[in-house]
Amino acid sequence: MDSSQSSPLKRIVSFFKQLSPGDRFIASFLGFVVLGTSLAGLIAFQRTFLVEVPAYGGTLTEGVVGSPRFVNPLLALTDADRDLTALTYAGLMGLNDEGNLVPVLAERYRVSEDGLEYTFSLRENARFSDGTPVTANDVVFTVEKAQDPALRSPELANWANIRAQALDARTVVFTLPKPYAPFLIDTTLGILPADKWRNIPLSEFSFSPLMSNPIGAGPFEVAKVTRDSDGSVISYELKASDSYALGRPYLDRIYVKFYDDTEKLKDAYARKSIQSAHGLSTPTSLRSPYSRIFGAFFNSDENPVFAKTEVRKALSLAVNRAYIVDEVLSGFATPLTGPVPPGSGVESFPFPEGDSLTLAIETLEKEGWERDPETGVWGDGEYTLETVTLKTSNVPELKAIASAVEADWERLGVQVEVELYEPGDLATTVIRPRAYEILFFGMVVGRDRDLFAFWDSGERSDPGLNIAAYANRTVDLLLERIREEQDPAVATEDLQEVSTLIASDYPAAFTHAPDFLYAIPNSVHGVRLPQIATPSDRFAGVRGWYRTTEHVWPVFARTSD
């Protein structure tokens, strides 16, 4: 064949062989440069059309104060218990990272027009970590155990007088004695596998191996439990569950280590033995509002002067909330003037602008109160406002806030005696018998925003939680209506009115709502915190947390997610 008709490749090879060794080296080098540049350009061109999405892989090591004992949704008592329960169990409904209720084990639900019946249909792929399906019978079993007074479950109050019935393997109906709109929140209760627990006597419930090695339907399952020589749990290794109804979490594993106290937790974090922990303030800590409020609650039954609205208002206005938040709480709180925590969709009650002490003095003087020129004691001809007693728990944070409130009120001319009690003693000897003039205390409102137990007039006596002995007929009616209202927007409007009415009556000098802090590395992505009712709520969106990514074509991005 004529050389002029040979292939281009053969001509290039022939030309290359005719080159000197030096020229051949230069040509080879330039060839590799061109090839590398072309490949890099091709990759860059492709990257412009690809999107980055989360990928499976990676781990997280979490630190927790306390030691788990009851890893069970019916008996979980401590933060350690609730953390592990949240990771290994799932309910019909669950909380997402925006704080909204979403179906988890349930595929869908419907509510009867009268608000008395809730019918849930279970997902076909709902499985426990051992691979067995979650059925309506498992749901009914769990509820009936919660209702058994012999078990003494903390969930008993939520499920009392509610009938649970399995219509078929995938359908369960709850019948309520009266409409209660926040009921859906109760259905976040983790479901137990009935076949595993049914034959365990209640007397042995707490001692079952399933209590520390749970079989649940949550996003993670137990891979290993490590104990010390005394048998105490020191760590859990949790692996991502392929059986989770909403899909396998991105993280492969979460290691949970337990510590005796906060100082040891801080030390472990400083030594990098753990990567994340709640309650620690670090440059990477996330913040979210706690669903709880604090304040100094007035009791007019113990001191009649607090029946005077202007007295309660003056004492409330005199409190320097900015100082409490910025100095006492290092900025990790939100100033509060009403009974609803931030993040609840309700605007806080506005205070008049101006110096807090000046406003308090003007409030008293406007209603005819005067200070005795010799003693400095306030009086209105009927009552005197001389010395008041404020009682609270003997814990550093509350003690410091009580001291700040004491200083504010003494600047107003009201002498304050602060009495400190251990938390258990405060509950039994002070709160239950309502033996206080003023009580500095916190209320855990919860994500249901149900204020009934705290402010309904029927809850003024123990075991009710209306520690201000507050009574307002309009508020009572609104609280009842909120409990029955199925439309969230209407319920929020009513809650706003309740908040405004209570705040304007000044039954307490509300001070603040604390922030929830969660130290977690920036390398863990997808972490968003909802409003926090209990620390375990930080895991609401744990399925979407990730540490690794991959690039895919846009058409596959939604599928990958």
Scanning for something assigned by TED's automatic domain parsing to the domain that holds S300, outside any loop (DSSP other than H, G, I, E, B), under 25 Å from S499 (Cα atoms) and free of Cβ contacts under 8 Å to residues at least 40 places away in the same chain, does the range 379-401 turn up at least one residue? no
Looking at the range 428-450, which of its residues are assigned to a loop (DSSP other than H, G, I, E, B) and touching a strand residue (DSSP E or B) at 6+ places or on another chain (Cβ under 9 Å)? A435, Y436, E437, V445, G446, R447
Matching option when the condition is touching an Asp or Glu at 6+ places or on another chain (Cβ under 9 Å), in the same structural domain as Q486 (by TED's automatic domain parsing) and more than 22 Å from V498 (Cα to Cα), among E419, E437: E437
Among the residues that make up the range 503-521, is at least one of them touching a Pro at 6+ places or on another chain (Cβ under 8 Å) and either β-branched (V, I, T) or under 30 Å from Y244 (Cα atoms) (or both)? yes
May I ask you to list the residues in the range 387-411 that are farther than 17 Å from G295 by Cβ and either crowded, with 17+ Cβ neighbours inside 10 Å or within 31 Å of the chain's Cα centre (by Cα) (or both)? N394, P396
With the structure loaded, tell me whether T188 is surrounded by 13 or more Cβ atoms within 10 Å (Cβ to Cβ), closer than 27 Å to A540 by Cβ and either among the hydroxyl-bearing types (S, T, Y) or touching a Leu at 6+ places or on another chain (Cβ under 6 Å) (or both) or whether it fails that test. yes
Scanning the range 83-129 residue by residue, the ones that are closer than 27 Å to H278 by Cα, touching a residue at least 24 places away in the same chain (Cβ under 8 Å) and not in a loop (DSSP other than H, G, I, E, B) total 10
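Quick one: which of S208, S212 is within 27 Å of the chain's Cα centre (by Cα), surrounded by 15 or more Cβ atoms within 10 Å (Cβ to Cβ) and not aliphatic (A, V, I, L, M)? Outline the logic, then answer.
On the way: S208 fails: within 27 Å of the chain's Cα centre (by Cα).
It is S212.
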Hey, which of the strands (runs of 3 or more DSSP E) in the range 200-310, taking only ones fully inside, have at least 1 residues that are of a type in the set (F, W, Y)? 220-227, 233-240, 253-259, 292-298
Tell me yes or no: at least one residue of the range 537-553 is of a type in the set (D, E) and exposed (fewer than 15 other Cβ atoms within 10 Å of the Cβ). yes
Working only within the range 102-126, note down all residues that are surrounded by 17 or more Cβ atoms within 10 Å (Cβ to Cβ) and either modelled with pLDDT under 95 or not assigned by TED's automatic domain parsing to the domain that holds A86 (or both). G115
With the structure loaded, tell me whether L359 is touching a residue at least 12 places away in the same chain (Cβ under 8 Å), of a type outside the set (D, E) and under 30 Å from I532 (Cα atoms) or whether it fails that test. no
Lone qualifier among S206, S212, S229, S241 - being among the polar types (S, T, N, Q), in contact with an Asp or Glu (Cβ under 9 Å, 6 or more places away or on another chain) and in the same structural domain as A80 (by TED's automatic domain parsing): S241
Candidate set: the range 442-471, residues that are crowded, with 18+ Cβ neighbours inside 10 Å and over 29 Å from T187 (Cα atoms); chosen: the one nearest to the chain's Cα centre (by Cα): A468
Please determine whether any residue of the range 357-370 is surrounded by 15 or more Cβ atoms within 10 Å (Cβ to Cβ), among the small types (G, A, S) and closer than 30 Å to T492 by Cα. no
Select from the range 362-376 the residues that are farther than 30 Å from V498 by Cβ and without any contact (Cβ under 8 Å) to a residue 40 or more places away in the chain and list them in ascending order. E365, G368, E370, D372, P373, E374, T375, G376
Positions within the range 130-150 being among the hydroxyl-bearing types (S, T, Y), within 15 Å of G91 (Cα to Cα) and outside any helix (DSSP H, G or I), in sequence order: T135
Report every pair of residues separated by at least 6 positions or lying on different chains whose Cβ atoms are under 9 Å apart, first residue within the range 140-151 and within 12 Å of L75 (Cα to Cα) and assigned by TED's automatic domain parsing to the domain that holds A106, second of a type in the set (K, R) and surrounded by 15 or more Cβ atoms within 10 Å (Cβ to Cβ). L151/K145
Using the structure shown, decide if A469 is under 30 Å from E422 (Cα atoms), of a type outside the set (D, E, K, R) and in contact with an Asp or Glu (Cβ under 7 Å, 6 or more places away or on another chain). yes
Being basic (K, R) and closer than 23 Å to V498 by Cα: is that true of R449 here? yes
Could you tell me whether A503 is crowded, with 19+ Cβ neighbours inside 10 Å and under 22 Å from the mean Cα position of the chain (by Cα)? no
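The values are calculated or read from the model by the stated rules, or taken from the named source; none is laboratory data. Just so we're clear, the structure is a prediction, and the values are computed from it rather than from any experiment. Cβ atoms come from the backbone with ideal geometry, glycine included; neighbour counts cover every protein chain shown.
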